[in-house]
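In what follows, a structure is listed as structure tokens, so that the remarks can point back to it.
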Amino acid sequence: MPLLLTGRGFRRDLEANGCLAVHAPLEGGAETRLLRRLRGAGYRTRMTSARGLGDPEVFLTQKHGIRPPHLGHNCVGRGAAVGEVQQVVPLIGDLLEGDDSVALWILEGQVLSRSELLSLCDLCKREPRLRIIVEMGGARSLRWQPMKALLNA
């Protein structure tokens, strides 16, 4: 367990690659320990799920519109047949204010397509302060690799 005590190797790999694919034990705990180590190193952190992410770049960094689900109770005759568009603030927009580095942990990343994962890697290249950790599934012990290496394999 010395790996989880300091988190230096993880942080070094994260800073070198920008976007990491992580396989974590299913009982949990590894992600919160590593995020705590990153916060201690000066990162601003956030955890979110990949389900319902849509276009990752727009969802994370730009103001965008969504249509809430129609639950069958309200009148849909006001806006359109699919409901009114609501404007939503970007998920990490507030974290990118200032000079601190930002670490985003995305759970259930196995549901993302190859192109969505590549767009996350490109986003890390364009925004040098942003680091993204995508949990790609379970494993008996914590292991990680650069996202580009996972996608090229």
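The values are calculated or read from the model by the stated rules, or taken from the named source; none is laboratory data. Note that the structure is a prediction, hence the values are computed from the model and not measured. No Cβ is skipped: glycine too gets one built from the backbone with ideal geometry, and neighbour counts run over all protein chains shown. Surface accessibility is based on the protein's heavy atoms, side chains included, excluding ligands, DNA and RNA. Shrake-Rupley method; radii C 1.70, N 1.55, O 1.52, S 1.80 Å.
Across the stretch 22-33, the qualifying residues are those that are part of a helix (DSSP H, G or I) and either in contact with a strand residue (DSSP E or B) (Cβ under 8 Å, 6 or more places away or on another chain) or of a type in the set (S, T, N, Q) (or both), and the one among them that is least open to solvent (accessible area, probe 1.4 Å) is A30. With a requirement of 2 or more residues that are closer than 19 Å to R44 by Cβ, the strands (runs of 3 or more DSSP E) lying completely within the stretch 91-150 that satisfy it span 102-107, 130-138. Applying the criterion of being charged (D, E, K, R) and surrounded by 14 or more Cβ atoms within 10 Å (Cβ to Cβ) to the residues of the stretch 135-153, the residue that is nearest to L26 (Cα to Cα) is E135.
Residue-by-condition table, conditions (1) modelled with pLDDT of 85 or more; (2) under 18 Å from G137 (Cβ atoms); (3) open to solvent by less than 50 Å² (accessible area, probe 1.4 Å):
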| site | (1), (2), (3) |
| --- | --- |
| E15 | yes, no, no |
| L38 | yes, no, yes |
| R51 | yes, yes, no |
| R67 | no, no, no |
| N74 | no, no, no |
| R78 | no, no, no |
| S119 | yes, no, yes |
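With respect to the stated conditions, V111 is more than 21 Å from D13 (Cα to Cα) and modelled with pLDDT of 90 or more. Residues in the stretch 8-64 that are under 21 Å from E97 (Cα atoms) and among the hydrophobic types (A, V, I, L, M, F, W, C): 9 in all.
Note on the stretch 80-97: among residues that are open to solvent by less than 50 Å² (accessible area, probe 1.4 Å) and within 29 Å of I133 (Cβ to Cβ), the one that is modelled with the lowest pLDDT is V88.
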